[in-house]
1. Return the residues of region 162-187 that are within 13 Å of ligand 4 (Cβ to nearest atom) and surrounded by fewer than 19 Cβ atoms within 10 Å (Cβ to Cβ); say none if nothing qualifies.
2. Return the only residue of Val258, Val232 being within 18 Å of Ala287 (Cα to Cα), within 14 Å of ligand 1 (Cβ to nearest atom) and not hydroxyl-bearing (Ser, Thr, Tyr).
3. Can you tell me which condition Glu37 does not meet? The list is (1) closer than 18 Å to Ile104 by Cβ; (2) within 16 Å of ligand 2 (Cβ to nearest atom); (3) of a type in the set (Asp, Glu), and all the others hold.
4. Sort out which residues of region 247-262 are at pLDDT 95 or above and touching a strand residue (DSSP E or B) at 6+ places or on another chain (Cβ under 6 Å), and write them in order of number.
5. Only one of (1) more than 16 Å from ligand 1 (Cβ to nearest atom); (2) of a type outside the set (Phe, Trp, Tyr); (3) within 22 Å of the chain's Cα centre (by Cα); (4) part of a helix (DSSP H, G or I) is not met by Glu227, so which one is it?
6. Considering only residues that are of a type in the set (A, V, I, L, M) and in contact with an Asp or Glu (Cβ under 7 Å, 6 or more places away or on another chain), look in region 178-220 and name the one that is farthest from ligand 1 (Cβ to nearest atom).
7. Count, please, the residues in region 182-224 that happen to be in a loop (DSSP other than H, G, I, E, B) and within 15 Å of Glu155 (Cβ to Cβ).
8. Does any residue of region 164-174 turn out to be in contact (Cβ under 8 Å) with a residue 40 or more places away in the chain and in a helix (DSSP H, G or I)?
Amino acid sequence: MTEVQSVLVIDDEKINLKIISDILSDEVSIMLAKSGEQGIRKAIEYKPDLILLDVVMPEMDGFETMARLRHDVRTSAIPVIFITALNDSSHEEKALLMGASDYIQKPLHTNIVQARVRLHLQLVKQRQMLEKLANIDPLTSLANRRKYQDVIEQEWQRAITHQGCLSLLVIDIDNFKQYNDCYGHATGDKVLQQVAMVLAKQALDKGLVARYGGEEFVILLPDHTQEDAAEVARLCMQGVEALNLAYSHEDFSGKVTVSVGGTTKLPNLSCSSDDLFNTADEMLGLAKKSGKNKILW
Ligand code: GH3
Ligand code: MG
Ligand code: MG
Ligand code: MG
């Protein structure tokens, strides 16, 4: 199913909003704003795929609106097309230098507006696809290690600023090499997918769940105390056990389990986000050494 893309139109004149709506509403979902202020609010709230922005508006004009959209991380990546009756090349140049994707002159020609909007929405789709390819693990659909590295850096800085704590769980499937040897790589892949689903179910609404590599996962839990994070770890372990994935070889008969290393830190400038991972990973190592299928802090 293809998702309908959305366009926010910001123009102080009702008639212009109506004309642009009529031109585009067959192809996209339209949102309207009659001032820069209202447009910025809607851009933050609804995250449109594209913004069409009038230049001449009372109070906040298109250039100031654009500057504010660019300044806010929540809206800075949304492409903006200026629409204006001003036919002065210095305005066009200013808009493009500010980062506008395009500049359309009034009077509006239906076909040209449609073609340009289509082009920019196509570019948005391609960018979203690239972002997905760069950040998502294809086997499990979880975030990948690259995404984890981005998020941990952001969350580390955020935690320093607001002096909150940050918890991390490193989760590794027990004896998985042997599992692959017994049941085959394809069955192993299915286990990875099912374990990933359990972790997502238990923690996706609480933080970032990522496949760090191989059969190792991480769960980053912003603003979680050790007690909160330990509860998440416990639910993840229980969830994996409850999958009841049979695992027997030679004289051993049981099911797939995981070991978890966890840590909670109050980030500060004298340590780095790597310390968080290293500590949790050390704890995972100790959990493995002391019998596996357990959580250590
Ligand atoms: P431990 O309990 O100490 O973690 O032992 P282990 O066997 O799980 O750990 P080890 O690091 O020795 O082996 C990890 C195994 O994970 C090896 C590899 O075959 C398997 N693995 C890694 N990535 C994948 C994958 O994408 N699919 C499958 N099926 N197996 C994978
Ligand atoms: Mg106007
Ligand atoms: Mg393992
Ligand atoms: Mg491992």
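The values are calculated or read from the model by the stated rules, or taken from the named source; none is laboratory data. Computed from a predicted model, the values in this text were never measured in an experiment. Methodologically, a virtual Cβ is constructed for each residue, glycine included, from the backbone with ideal geometry; neighbour enumeration extends over all protein chains shown.
1. Within region 162-187, Lys177, Gln178, Asn180 qualify.
2. Going through Val258, Val232 in turn, the sole match is Val258.
3. Here Glu37 meets the rest and fails (1).
4. Those that are at pLDDT 95 or above and touching a strand residue (DSSP E or B) at 6+ places or on another chain (Cβ under 6 Å): Lys255, Val256, Val258, Ser259, Val260, Gly261, Gly262.
5. For Glu227, the failing item is (3).
6. This residue is Leu220.
7. Count: 4.
8. Scanning region 164-174, I find no residue that is in contact (Cβ under 8 Å) with a residue 40 or more places away in the chain and in a helix (DSSP H, G or I), so the answer is no.
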